[in-house]
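Before I ask anything, let me first share the structure, which is written out below as C-alpha coordinates.
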Amino acid sequence: MKTVNHWIGGKTVEGASGNYGPVTDPATGEVTTQVALASAAEVDAAVQVAKEAFETWGQSSLAARTKVLFAYRALLDANRDAIAELITAEHGKVHSDALGEVARGLEIVELACGITTQLKGELSTSVSNRVDVAAIRQPLGVVAGITPFNFPAMVPMWMFPLAVACGNTFILKPSEKDPSAANKLAELASEAGLPDGVLNVVHGDKVAVDALLAHPDISAVSFVGSTPIARHIHTTASANGKRVQALGGAKNHMLVLPDADLDAAADAAVSAAYGSAGERCMAISAVVAVGSIADELVEKIRERAEKIKIGPGNDPASEMGPLITAAHRDKVASYVKGAADQGADVVLDGTGYTVDGFEAGHWIGLSLLDHVKTDSDAYRDEIFGPVLCVLRTETYEEGVALINASPFGNGTAIFTRDGGAARRFQLEVQAGMVGVNVPIPVPVGYHSFGGWKDSLFGDHHIYGNDGIHFYTRGKVVTTRWPDPSEGHLGVDLGFPRNH
(Lines give C-alpha, C1' and ligand atoms only; values in the text may rest on other atoms or scores of the structure.)
Protein backbone atom coordinates (compact mmCIF):
# COMPACT_ATOMS: atom_id res chain seq x y z
CA MET A 1 0.00 0.00 0.00
CA LYS A 2 1.21 3.48 -0.84
CA THR A 3 2.34 5.59 2.12
CA VAL A 4 2.29 9.39 2.16
CA ASN A 5 5.07 10.67 4.42
CA HIS A 6 6.09 14.14 5.55
CA TRP A 7 8.09 16.63 3.49
CA ILE A 8 10.61 18.38 5.72
CA GLY A 9 13.79 20.20 4.82
CA GLY A 10 13.37 19.60 1.09
CA LYS A 11 13.00 15.81 1.28
CA THR A 12 10.62 13.02 2.19
CA VAL A 13 10.78 12.10 5.88
CA GLU A 14 9.19 8.87 7.00
CA GLY A 15 6.72 9.03 9.84
CA ALA A 16 8.21 8.09 13.20
CA SER A 17 5.11 8.01 15.41
CA GLY A 18 3.94 4.62 14.19
CA ASN A 19 0.47 6.05 13.62
CA TYR A 20 -1.12 6.07 10.18
CA GLY A 21 -4.47 7.14 8.81
CA PRO A 22 -6.41 5.59 5.90
CA VAL A 23 -6.88 7.44 2.60
CA THR A 24 -9.85 6.22 0.59
CA ASP A 25 -10.81 6.42 -3.07
CA PRO A 26 -14.32 7.91 -2.68
CA ALA A 27 -15.51 6.40 -5.97
CA THR A 28 -14.75 2.81 -4.94
CA GLY A 29 -14.71 2.96 -1.15
CA GLU A 30 -11.33 1.23 -1.14
CA VAL A 31 -8.45 2.28 1.11
CA THR A 32 -5.68 2.97 -1.40
CA THR A 33 -3.11 4.80 0.73
CA GLN A 34 -2.00 5.36 4.29
CA VAL A 35 -0.74 8.69 5.59
CA ALA A 36 1.76 9.16 8.40
CA LEU A 37 0.34 11.01 11.41
CA ALA A 38 2.91 13.17 13.15
CA SER A 39 3.59 13.25 16.86
CA ALA A 40 4.26 16.50 18.71
CA ALA A 41 7.98 15.68 18.57
CA GLU A 42 7.83 15.38 14.77
CA VAL A 43 6.03 18.71 14.53
CA ASP A 44 8.74 20.27 16.67
CA ALA A 45 11.46 18.83 14.42
CA ALA A 46 9.80 20.38 11.37
CA VAL A 47 9.47 23.74 13.10
CA GLN A 48 13.16 23.72 14.00
CA VAL A 49 14.05 23.08 10.34
CA ALA A 50 11.81 25.96 9.28
CA LYS A 51 13.24 28.20 11.97
CA GLU A 52 16.78 27.57 10.75
CA ALA A 53 15.75 28.18 7.14
CA PHE A 54 14.20 31.51 8.10
CA GLU A 55 17.58 32.87 9.18
CA THR A 56 18.62 33.05 5.53
CA TRP A 57 15.29 33.12 3.65
CA GLY A 58 14.00 36.01 5.76
CA GLN A 59 17.05 38.04 4.71
CA SER A 60 16.93 37.03 1.04
CA SER A 61 16.37 39.61 -1.66
CA LEU A 62 13.01 40.12 -3.31
CA ALA A 63 14.69 39.30 -6.61
CA ALA A 64 15.77 35.89 -5.28
CA ARG A 65 12.28 35.12 -3.97
CA THR A 66 10.44 36.15 -7.13
CA LYS A 67 12.86 34.16 -9.30
CA VAL A 68 11.78 31.03 -7.44
CA LEU A 69 8.11 31.97 -7.59
CA PHE A 70 8.13 32.55 -11.35
CA ALA A 71 9.78 29.15 -11.82
CA TYR A 72 7.23 27.61 -9.47
CA ARG A 73 4.35 29.11 -11.40
CA ALA A 74 5.68 27.53 -14.61
CA LEU A 75 6.03 24.11 -12.98
CA LEU A 76 2.52 24.25 -11.54
CA ASP A 77 1.16 25.15 -14.94
CA ALA A 78 2.98 22.22 -16.55
CA ASN A 79 1.71 19.83 -13.85
CA ARG A 80 -1.95 20.88 -13.71
CA ASP A 81 -3.24 17.49 -14.82
CA ALA A 82 -0.99 15.55 -12.44
CA ILE A 83 -2.14 17.61 -9.46
CA ALA A 84 -5.78 17.34 -10.55
CA GLU A 85 -5.49 13.56 -10.83
CA LEU A 86 -4.27 13.35 -7.23
CA ILE A 87 -7.22 15.48 -6.11
CA THR A 88 -9.72 13.30 -7.98
CA ALA A 89 -8.21 10.07 -6.65
CA GLU A 90 -8.44 11.13 -2.99
CA HIS A 91 -11.19 13.74 -2.85
CA GLY A 92 -13.44 12.39 -5.59
CA LYS A 93 -14.27 15.61 -7.47
CA VAL A 94 -14.45 15.42 -11.24
CA HIS A 95 -11.29 16.19 -13.19
CA SER A 96 -12.54 19.48 -14.64
CA ASP A 97 -13.44 20.70 -11.15
CA ALA A 98 -10.01 19.67 -9.87
CA LEU A 99 -8.37 21.57 -12.73
CA GLY A 100 -10.40 24.63 -11.77
CA GLU A 101 -9.13 24.31 -8.22
CA VAL A 102 -5.53 24.32 -9.42
CA ALA A 103 -6.22 27.36 -11.61
CA ARG A 104 -7.64 29.34 -8.67
CA GLY A 105 -4.60 28.45 -6.58
CA LEU A 106 -2.33 29.61 -9.39
CA GLU A 107 -3.91 33.07 -9.13
CA ILE A 108 -2.32 33.51 -5.72
CA VAL A 109 1.04 32.24 -6.93
CA GLU A 110 0.85 34.90 -9.64
CA LEU A 111 0.05 37.52 -7.00
CA ALA A 112 3.09 36.34 -5.05
CA CYS A 113 5.23 36.76 -8.17
CA GLY A 114 4.47 40.49 -7.95
CA ILE A 115 5.41 40.76 -4.28
CA THR A 116 8.03 43.39 -5.08
CA THR A 117 5.35 46.02 -5.57
CA GLN A 118 3.13 44.72 -2.75
CA LEU A 119 5.91 45.07 -0.16
CA LYS A 120 6.85 48.62 -1.05
CA GLY A 121 6.99 50.79 2.05
CA GLU A 122 6.21 54.46 2.61
CA LEU A 123 8.55 57.39 3.14
CA SER A 124 7.90 60.89 4.42
CA THR A 125 10.84 63.22 4.10
CA SER A 126 11.54 66.33 6.18
CA VAL A 127 8.84 65.76 8.75
CA SER A 128 11.04 67.91 10.93
CA ASN A 129 14.47 69.49 10.53
CA ARG A 130 16.42 66.81 8.61
CA VAL A 131 14.09 64.07 9.95
CA ASP A 132 12.59 61.39 7.71
CA VAL A 133 10.02 58.70 8.62
CA ALA A 134 9.79 55.38 6.80
CA ALA A 135 7.21 52.60 7.18
CA ILE A 136 8.32 49.11 6.19
CA ARG A 137 6.94 45.58 6.45
CA GLN A 138 8.96 42.59 7.59
CA PRO A 139 8.27 38.83 7.75
CA LEU A 140 7.04 37.17 10.94
CA GLY A 141 9.23 34.05 10.97
CA VAL A 142 7.81 30.51 10.98
CA VAL A 143 4.09 30.42 10.12
CA ALA A 144 1.66 27.51 9.77
CA GLY A 145 -1.33 26.62 7.65
CA ILE A 146 -4.02 24.06 8.52
CA THR A 147 -6.12 23.28 5.46
CA PRO A 148 -9.36 21.36 4.73
CA PHE A 149 -10.14 18.30 2.62
CA ASN A 150 -12.43 20.00 0.12
CA PHE A 151 -9.69 21.96 -1.69
CA PRO A 152 -6.45 20.07 -1.03
CA ALA A 153 -4.43 22.14 -3.53
CA MET A 154 -6.20 25.49 -3.79
CA VAL A 155 -6.42 26.42 -0.12
CA PRO A 156 -2.75 25.63 0.61
CA MET A 157 -1.88 27.79 -2.41
CA TRP A 158 -3.98 30.57 -0.88
CA MET A 159 -1.52 30.55 2.02
CA PHE A 160 2.07 29.48 1.52
CA PRO A 161 3.00 31.31 -1.74
CA LEU A 162 2.28 34.69 -0.15
CA ALA A 163 3.84 33.66 3.15
CA VAL A 164 7.15 32.63 1.59
CA ALA A 165 7.11 35.56 -0.84
CA CYS A 166 6.99 37.84 2.21
CA GLY A 167 10.07 36.08 3.62
CA ASN A 168 8.50 33.62 6.06
CA THR A 169 9.02 29.89 6.25
CA PHE A 170 5.97 27.66 6.29
CA ILE A 171 4.60 24.50 7.95
CA LEU A 172 1.61 23.07 6.07
CA LYS A 173 -0.69 20.60 7.85
CA PRO A 174 -3.13 19.44 5.15
CA SER A 175 -6.19 17.28 5.68
CA GLU A 176 -5.27 13.68 6.37
CA LYS A 177 -8.19 12.60 4.15
CA ASP A 178 -6.49 13.69 0.87
CA PRO A 179 -2.82 14.45 1.59
CA SER A 180 -1.02 13.67 -1.68
CA ALA A 181 -1.64 16.99 -3.45
CA ALA A 182 0.14 18.89 -0.67
CA ASN A 183 3.28 16.80 -1.09
CA LYS A 184 3.20 17.33 -4.84
CA LEU A 185 3.00 21.10 -4.34
CA ALA A 186 5.99 20.99 -2.01
CA GLU A 187 8.04 18.80 -4.34
CA LEU A 188 7.43 21.20 -7.24
CA ALA A 189 8.43 24.16 -5.04
CA SER A 190 11.71 22.43 -4.28
CA GLU A 191 12.22 21.73 -7.99
CA ALA A 192 11.63 25.43 -8.66
CA GLY A 193 14.54 26.30 -6.37
CA LEU A 194 12.84 27.03 -3.06
CA PRO A 195 15.54 26.46 -0.42
CA ASP A 196 15.24 23.42 1.84
CA GLY A 197 13.16 24.05 4.92
CA VAL A 198 11.22 27.06 3.59
CA LEU A 199 8.12 24.97 2.82
CA ASN A 200 7.43 21.86 4.91
CA VAL A 201 4.47 19.49 4.95
CA VAL A 202 3.60 17.69 8.17
CA HIS A 203 0.67 15.28 8.04
CA GLY A 204 -1.39 14.51 11.07
CA ASP A 205 -4.58 14.74 13.06
CA LYS A 206 -5.54 16.65 16.20
CA VAL A 207 -2.21 15.80 17.83
CA ALA A 208 -0.31 17.65 15.12
CA VAL A 209 -2.75 20.55 15.10
CA ASP A 210 -2.52 21.07 18.85
CA ALA A 211 1.28 20.94 18.64
CA LEU A 212 1.27 23.68 16.01
CA LEU A 213 -1.11 25.87 18.02
CA ALA A 214 1.06 25.62 21.13
CA HIS A 215 4.53 25.78 19.59
CA PRO A 216 6.42 28.89 20.80
CA ASP A 217 8.38 29.27 17.54
CA ILE A 218 5.31 29.59 15.31
CA SER A 219 4.28 33.21 14.89
CA ALA A 220 1.01 32.89 12.97
CA VAL A 221 -1.60 30.29 12.02
CA SER A 222 -3.90 30.26 9.00
CA PHE A 223 -6.89 27.92 9.00
CA VAL A 224 -9.84 27.03 6.78
CA GLY A 225 -12.50 24.61 7.98
CA SER A 226 -15.70 24.33 10.01
CA THR A 227 -16.85 27.05 12.39
CA PRO A 228 -16.44 25.03 15.64
CA ILE A 229 -12.84 24.17 14.74
CA ALA A 230 -12.13 27.70 13.50
CA ARG A 231 -13.31 29.07 16.85
CA HIS A 232 -11.06 26.58 18.69
CA ILE A 233 -8.08 27.44 16.48
CA HIS A 234 -8.55 31.15 17.04
CA THR A 235 -9.03 30.87 20.79
CA THR A 236 -6.14 28.47 21.36
CA ALA A 237 -3.58 30.05 19.04
CA SER A 238 -4.41 33.57 20.25
CA ALA A 239 -3.99 32.46 23.84
CA ASN A 240 -0.51 31.30 22.85
CA GLY A 241 0.35 34.71 21.45
CA LYS A 242 -0.04 33.93 17.77
CA ARG A 243 -1.57 35.93 14.97
CA VAL A 244 -4.57 34.00 13.63
CA GLN A 245 -6.84 34.00 10.59
CA ALA A 246 -9.41 31.22 10.95
CA LEU A 247 -12.03 30.89 8.25
CA GLY A 248 -15.08 28.91 9.32
CA GLY A 249 -18.28 27.52 7.84
CA ALA A 250 -21.09 29.05 5.86
CA LYS A 251 -24.73 28.98 4.91
CA ASN A 252 -24.70 31.01 1.72
CA HIS A 253 -27.98 32.47 0.46
CA MET A 254 -29.11 33.44 -3.02
CA LEU A 255 -31.91 36.00 -3.01
CA VAL A 256 -34.02 35.79 -6.17
CA LEU A 257 -36.28 38.78 -6.81
CA PRO A 258 -39.47 38.61 -8.92
CA ASP A 259 -37.86 40.50 -11.82
CA ALA A 260 -34.91 38.10 -12.12
CA ASP A 261 -34.16 36.00 -15.19
CA LEU A 262 -35.41 32.73 -13.72
CA ASP A 263 -33.58 30.54 -16.21
CA ALA A 264 -30.29 32.24 -15.33
CA ALA A 265 -31.12 32.01 -11.64
CA ALA A 266 -31.94 28.31 -11.88
CA ASP A 267 -28.74 27.60 -13.80
CA ALA A 268 -26.77 29.47 -11.16
CA ALA A 269 -28.51 27.74 -8.26
CA VAL A 270 -27.79 24.27 -9.62
CA SER A 271 -24.18 25.10 -10.45
CA ALA A 272 -23.50 26.76 -7.11
CA ALA A 273 -25.36 24.24 -4.93
CA TYR A 274 -24.21 20.99 -6.49
CA GLY A 275 -20.77 21.79 -7.94
CA SER A 276 -17.99 19.87 -6.19
CA ALA A 277 -20.84 17.82 -4.64
CA GLY A 278 -21.65 20.80 -2.44
CA GLU A 279 -18.40 20.34 -0.51
CA ARG A 280 -17.28 23.96 -0.60
CA CYS A 281 -17.73 26.82 1.82
CA MET A 282 -18.94 29.10 -0.98
CA ALA A 283 -21.68 26.74 -2.16
CA ILE A 284 -25.17 28.21 -2.37
CA SER A 285 -27.13 26.07 0.07
CA ALA A 286 -30.20 28.29 0.52
CA VAL A 287 -32.25 29.98 -2.19
CA VAL A 288 -34.59 32.69 -0.93
CA ALA A 289 -37.42 33.12 -3.46
CA VAL A 290 -39.29 36.41 -3.18
CA GLY A 291 -42.95 36.71 -4.12
CA SER A 292 -44.83 34.66 -6.66
CA ILE A 293 -41.86 33.26 -8.59
CA ALA A 294 -41.06 30.48 -6.09
CA ASP A 295 -43.05 27.64 -7.70
CA GLU A 296 -41.65 28.33 -11.17
CA LEU A 297 -38.10 28.70 -9.84
CA VAL A 298 -38.26 25.43 -7.90
CA GLU A 299 -39.52 23.60 -10.98
CA LYS A 300 -36.71 25.00 -13.13
CA ILE A 301 -34.12 23.97 -10.54
CA ARG A 302 -35.63 20.47 -10.34
CA GLU A 303 -35.56 20.04 -14.13
CA ARG A 304 -31.88 20.94 -14.28
CA ALA A 305 -30.83 18.96 -11.21
CA GLU A 306 -32.37 15.75 -12.52
CA LYS A 307 -30.09 15.91 -15.58
CA ILE A 308 -26.78 16.10 -13.67
CA LYS A 309 -24.58 13.09 -14.40
CA ILE A 310 -23.07 11.57 -11.26
CA GLY A 311 -20.11 9.21 -11.49
CA PRO A 312 -16.41 8.66 -10.84
CA GLY A 313 -14.33 11.81 -11.04
CA ASN A 314 -12.00 10.33 -13.67
CA ASP A 315 -14.93 9.67 -16.05
CA PRO A 316 -15.14 12.61 -18.50
CA ALA A 317 -18.93 12.19 -18.62
CA SER A 318 -19.31 12.79 -14.87
CA GLU A 319 -20.47 16.22 -13.74
CA MET A 320 -20.47 15.44 -10.00
CA GLY A 321 -18.46 12.90 -8.04
CA PRO A 322 -18.90 11.15 -4.67
CA LEU A 323 -18.50 12.59 -1.19
CA ILE A 324 -15.18 12.33 0.63
CA THR A 325 -16.12 9.56 3.12
CA ALA A 326 -18.97 7.15 3.78
CA ALA A 327 -19.54 8.73 7.20
CA HIS A 328 -19.93 12.18 5.64
CA ARG A 329 -22.29 10.75 3.02
CA ASP A 330 -24.47 9.26 5.74
CA LYS A 331 -24.51 12.54 7.67
CA VAL A 332 -25.60 14.50 4.60
CA ALA A 333 -28.32 11.93 3.91
CA SER A 334 -29.66 12.29 7.45
CA TYR A 335 -30.59 15.92 6.79
CA VAL A 336 -32.65 14.95 3.75
CA LYS A 337 -34.36 12.08 5.53
CA GLY A 338 -35.34 14.35 8.43
CA ALA A 339 -36.45 17.30 6.33
CA ALA A 340 -40.07 16.24 5.80
CA ASP A 341 -40.58 15.75 9.53
CA GLN A 342 -39.50 19.36 10.02
CA GLY A 343 -41.95 20.81 7.52
CA ALA A 344 -40.07 20.74 4.21
CA ASP A 345 -41.27 19.36 0.89
CA VAL A 346 -38.69 16.92 -0.48
CA VAL A 347 -38.77 17.73 -4.19
CA LEU A 348 -35.69 15.61 -4.96
CA ASP A 349 -34.33 12.91 -2.65
CA GLY A 350 -30.75 11.95 -3.47
CA THR A 351 -30.30 9.46 -0.66
CA GLY A 352 -29.78 5.85 -1.64
CA TYR A 353 -28.17 6.79 -4.94
CA THR A 354 -25.57 4.36 -6.35
CA VAL A 355 -23.45 4.12 -9.49
CA ASP A 356 -23.36 0.86 -11.41
CA GLY A 357 -20.03 -0.88 -10.99
CA PHE A 358 -19.07 1.41 -8.09
CA GLU A 359 -21.67 0.40 -5.52
CA ALA A 360 -19.23 0.71 -2.61
CA GLY A 361 -18.44 4.35 -3.42
CA HIS A 362 -19.55 7.25 -1.26
CA TRP A 363 -22.46 8.21 -3.49
CA ILE A 364 -25.37 10.50 -2.89
CA GLY A 365 -27.67 12.13 -5.41
CA LEU A 366 -28.87 15.71 -5.63
CA SER A 367 -31.51 16.74 -3.09
CA LEU A 368 -33.87 19.72 -3.32
CA LEU A 369 -35.93 20.80 -0.31
CA ASP A 370 -38.76 23.35 -0.66
CA HIS A 371 -40.74 25.29 1.96
CA VAL A 372 -37.82 24.96 4.37
CA LYS A 373 -38.23 26.67 7.74
CA THR A 374 -35.48 28.68 9.38
CA ASP A 375 -35.64 26.57 12.55
CA SER A 376 -35.06 23.27 10.72
CA ASP A 377 -31.77 21.37 10.92
CA ALA A 378 -31.36 21.40 7.14
CA TYR A 379 -31.32 25.20 7.20
CA ARG A 380 -29.45 25.92 10.42
CA ASP A 381 -26.50 23.55 9.88
CA GLU A 382 -23.79 23.64 7.26
CA ILE A 383 -24.58 20.36 5.48
CA PHE A 384 -21.56 20.45 3.14
CA GLY A 385 -23.17 18.24 0.55
CA PRO A 386 -25.47 18.41 -2.52
CA VAL A 387 -28.57 19.59 -0.67
CA LEU A 388 -30.31 22.83 -1.68
CA CYS A 389 -32.93 24.43 0.57
CA VAL A 390 -35.56 26.82 -0.82
CA LEU A 391 -37.12 29.37 1.53
CA ARG A 392 -39.91 31.76 0.59
CA THR A 393 -40.54 35.38 1.53
CA GLU A 394 -43.05 37.94 0.33
CA THR A 395 -40.74 40.96 0.07
CA TYR A 396 -37.13 41.98 -0.51
CA GLU A 397 -36.97 43.33 3.05
CA GLU A 398 -38.08 40.00 4.52
CA GLY A 399 -35.50 38.19 2.43
CA VAL A 400 -32.63 40.39 3.57
CA ALA A 401 -33.77 40.13 7.19
CA LEU A 402 -33.81 36.32 6.88
CA ILE A 403 -30.28 36.29 5.48
CA ASN A 404 -28.95 38.70 8.09
CA ALA A 405 -30.42 36.62 10.91
CA SER A 406 -28.11 33.74 10.02
CA PRO A 407 -25.09 33.35 12.30
CA PHE A 408 -22.96 32.84 9.18
CA GLY A 409 -21.83 35.61 6.87
CA ASN A 410 -19.49 34.12 4.32
CA GLY A 411 -20.95 34.77 0.86
CA THR A 412 -24.30 35.71 -0.61
CA ALA A 413 -25.84 36.64 -3.95
CA ILE A 414 -28.80 38.46 -5.42
CA PHE A 415 -30.41 37.79 -8.78
CA THR A 416 -32.30 40.75 -10.20
CA ARG A 417 -32.51 43.13 -13.14
CA ASP A 418 -33.03 46.10 -10.79
CA GLY A 419 -29.81 48.05 -10.22
CA GLY A 420 -31.29 49.94 -7.30
CA ALA A 421 -32.24 46.73 -5.50
CA ALA A 422 -28.81 45.27 -6.17
CA ARG A 423 -27.14 48.38 -4.78
CA ARG A 424 -29.27 48.23 -1.63
CA PHE A 425 -28.50 44.56 -1.20
CA GLN A 426 -24.74 44.90 -1.43
CA LEU A 427 -24.81 47.58 1.27
CA GLU A 428 -27.45 46.05 3.56
CA VAL A 429 -26.58 42.36 3.56
CA GLN A 430 -24.29 41.16 6.35
CA ALA A 431 -21.74 39.03 4.54
CA GLY A 432 -18.11 39.41 3.56
CA MET A 433 -18.51 38.51 -0.12
CA VAL A 434 -21.47 39.55 -2.26
CA GLY A 435 -22.44 38.56 -5.80
CA VAL A 436 -24.81 40.46 -8.06
CA ASN A 437 -26.09 37.92 -10.60
CA VAL A 438 -22.94 35.95 -9.65
CA PRO A 439 -23.74 32.90 -7.51
CA ILE A 440 -20.27 32.19 -6.09
CA PRO A 441 -18.56 35.54 -5.50
CA VAL A 442 -15.04 34.27 -4.76
CA PRO A 443 -12.76 37.29 -5.23
CA VAL A 444 -9.89 37.24 -7.70
CA GLY A 445 -6.43 36.83 -6.23
CA TYR A 446 -5.62 40.50 -5.77
CA HIS A 447 -8.72 41.06 -3.62
CA SER A 448 -9.13 39.25 -0.30
CA PHE A 449 -11.40 36.31 0.59
CA GLY A 450 -13.27 36.16 3.88
CA GLY A 451 -16.62 36.33 5.58
CA TRP A 452 -18.27 37.98 8.55
CA LYS A 453 -19.76 36.75 11.82
CA ASP A 454 -19.23 33.01 12.49
CA SER A 455 -17.54 32.56 9.12
CA LEU A 456 -14.30 34.28 10.14
CA PHE A 457 -12.33 34.52 13.37
CA GLY A 458 -9.50 37.02 13.32
CA ASP A 459 -8.99 40.42 11.75
CA HIS A 460 -7.47 39.43 8.41
CA HIS A 461 -9.09 37.87 5.37
CA ILE A 462 -7.05 35.44 3.29
CA TYR A 463 -4.85 36.30 0.27
CA GLY A 464 -4.88 39.72 -1.47
CA ASN A 465 -3.72 42.73 0.53
CA ASP A 466 -5.07 41.24 3.76
CA GLY A 467 -2.98 38.12 3.22
CA ILE A 468 0.19 40.14 2.68
CA HIS A 469 -0.50 42.17 5.82
CA PHE A 470 -1.20 38.99 7.77
CA TYR A 471 2.18 37.50 6.89
CA THR A 472 4.13 40.68 7.64
CA ARG A 473 4.31 43.23 10.46
CA GLY A 474 4.84 46.92 10.17
CA LYS A 475 7.76 48.88 11.46
CA VAL A 476 8.18 52.67 11.44
CA VAL A 477 11.71 54.10 11.37
CA THR A 478 12.40 57.75 12.23
CA THR A 479 15.82 58.94 11.06
CA ARG A 480 17.83 62.12 11.51
CA TRP A 481 21.13 62.69 9.78
CA PRO A 482 22.64 66.00 10.86
CA ASP A 483 24.22 68.10 8.18
CA PRO A 484 28.02 67.99 8.41
CA SER A 485 28.05 71.76 8.93
CA GLU A 486 25.87 71.57 12.07
CA GLY A 487 27.43 71.77 15.49
CA HIS A 488 26.29 70.04 18.65
CA LEU A 489 22.66 70.96 19.44
CA GLY A 490 22.76 70.23 23.18
CA VAL A 491 20.27 68.48 25.46
CA ASP A 492 16.54 69.15 24.98
CA LEU A 493 14.07 67.33 27.27
CA GLY A 494 11.00 68.60 25.41
CA PHE A 495 9.07 67.03 22.57
CA PRO A 496 10.65 67.17 19.11
CA ARG A 497 9.82 70.46 17.45
CA ASN A 498 7.92 69.45 14.33
CA HIS A 499 6.33 72.81 13.64
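The values are calculated or read from the model by the stated rules, or taken from the named source; none is laboratory data. No experiment lies behind these values; they were computed from the predicted model shown. Cβ sites come from the backbone with ideal geometry, for glycine too, and all protein chains shown count toward neighbours. Note: accessible area is taken over every heavy atom of the protein model, side chains too, but ligands, DNA and RNA are not part of it. Shrake-Rupley method; radii C 1.70, N 1.55, O 1.52, S 1.80 Å.
How do 52, 176 rank by accessible surface area computed with a 1.4 Å probe, from largest to smallest?
From most accessible down to least: 52, 176.
Return the carbon/sulfur percentage of the accessible area of the stretch 289-401, one whole number, probe 1.4 Å, all protein chains in place.
C and S atoms contribute 45 percent here.
Please turn the phi angles of the stretch 462-469 into ³J(HN,Hα) values with the Karplus equation 6.51 cos²θ - 1.76 cosθ + 1.60 (θ = phi - 60°), one per residue in order, whole Hz, x for glycine and proline.
My calculation for the stretch 462-469 gives 9, 6, x, 4, 4, x, 5, 5 Hz in order.
From the phi angles alone, apply the Karplus equation (6.51, -1.76, 1.60; θ = phi - 60°) to the stretch 286-293 and give each ³J(HN,Hα) in whole Hz, x where the residue is Gly or Pro.
Going residue by residue, I get 9, 9, 9, 8, 9, x, 7, 7 Hz, with x marking Gly and Pro.
May I ask which of 184/453; 173/307; 251/309; 2/242; 51/177; 11/453 have a Cα-Cα span longer than 30 Å here?
Check vs 30 Å cut-off fails for 184/453; 173/307; 2/242; 11/453.
Given 0.36 nm per residue, what is the gain on full extension from residue 48 to residue 476 after removing their alpha carbon distance, in nm?
151.1 nm
Tell me the net charge near residue 478. Cut-off is 12 Å between Cβ atoms, residue 478 excluded, with +1 for each Lys or Arg and -1 for each Asp or Glu.
So the surrounding residues net to +2.
Taking a point 7 angstrom from the Cα of residue 353 along the C-beta vector, which residues in the stretch 377-407 have backbone N less than 17 Å away?
Within reach of a label on residue 353, which here means backbone N under 17 Å from a point 7 Å along Cα→Cβ, the stretch 377-407 contributes 383-390.
Which whole-number value in Å² is the accessible area per residue of the chain, probe 1.4 Å?
I get 41 Å² per residue for this part.
Which value, in Å² rounded to 10, gives the accessible area of residue 447 with a 1.4 Å probe and all protein chains present?
It works out to around 110 Å².
Right, next: Carbon and sulfur atoms: what percent of the 1.4 Å accessible area of the stretch 163-285 do they account for?
Summing carbon and sulfur atoms, their accessible area is 54 percent of the total for the stretch 163-285.
Rounded, prolate or oblate, given the Cα gyration tensor of the stretch 198-294, with a/c below 1.5 counting as rounded?
prolate
Calculate I(q)/I(0) for the stretch 1-135 by the Debye formula, one identical point scatterer on each C-alpha and no solvent, and give its log10 at q = 0.11, 0.20, 0.22 Å⁻¹ to two decimals.
After summing over all Cα pairs, the log10 values are -0.66, -1.25, -1.25.
For the chain, find the longest principal axis of its Cα atoms and tell me its angle to the long axis of helix 326-339, 0 to 90°, nearest 10.
Value to nearest ten degrees: 60.
Give, in nm to one decimal, the length gained when the segment between residue 61 and residue 196 is fully stretched (0.36 nm per residue of separation minus the Cα-Cα distance).
Extra length from residue 61 to residue 196 when fully extended: 46.9 nm.
Here is a follow-up. Through the Karplus equation 6.51 cos²θ - 1.76 cosθ + 1.60, θ set to phi - 60°, convert the phi angles of the stretch 297-303 into ³J(HN,Hα) values in whole Hz; use x for Gly and Pro.
Here the 3J(HN,Hα) series is 5, 4, 5, 5, 5, 4, 4 Hz.
Something else about it: For the stretch 260-383, compute Rg over Rh where Rg is the Cα radius of gyration and Rh is the Kirkwood radius from the inverse mean 1/r over Cα pairs.
0.95
Quick one, can you get me the convex hull of the C-alpha atoms of the stretch 312-423 expressed as volume per residue in Å³?
Per-residue hull volume (Cα only) is 147 Å³.
Taking Cα atoms, how many degrees apart are the long axis of helix 80-91 and the longest axis of the chain, rounded to 10 and kept between 0 and 90?
Relative to the chain, helix 80-91 is tipped by roughly 60 degrees.
Under the 0.36 nm per residue contour assumption, what length would be gained going from the current alpha-carbon distance of residue 261 and residue 373 to full extension?
Residue separation times 0.36 nm, minus the Cα-Cα distance, leaves 37.8 nm.
Residue 425: accessible area at probe 1.4 Å, nearest 10 Å²?
The accessible area comes out at roughly 0 Å².
Could you sort 438-445, 83-90 so that the peptide with the highest average Cβ count within 10 Å comes first and the rest follow in order?
83-90, 438-445
Here's something else I'd like to know. Show the residues, 5+ positions off or on another chain, whose built amide H is closer than 5 Å to the amide H of residue 9.
197
Do me a favour and compute the ellipsoid semi-axes for the stretch 123-182 from its Cα gyration tensor, root of five times each eigenvalue, largest one first, whole Å.
That gives 40, 10, 7 Å for the three semi-axes.
Another one. For the pair residue 326/residue 417, report the inter-label distance in nm, with labels modelled 7 Å from Cα in the Cβ direction.
Placing both labels 7 Å beyond Cα along the Cβ direction yields 5.2 nm.
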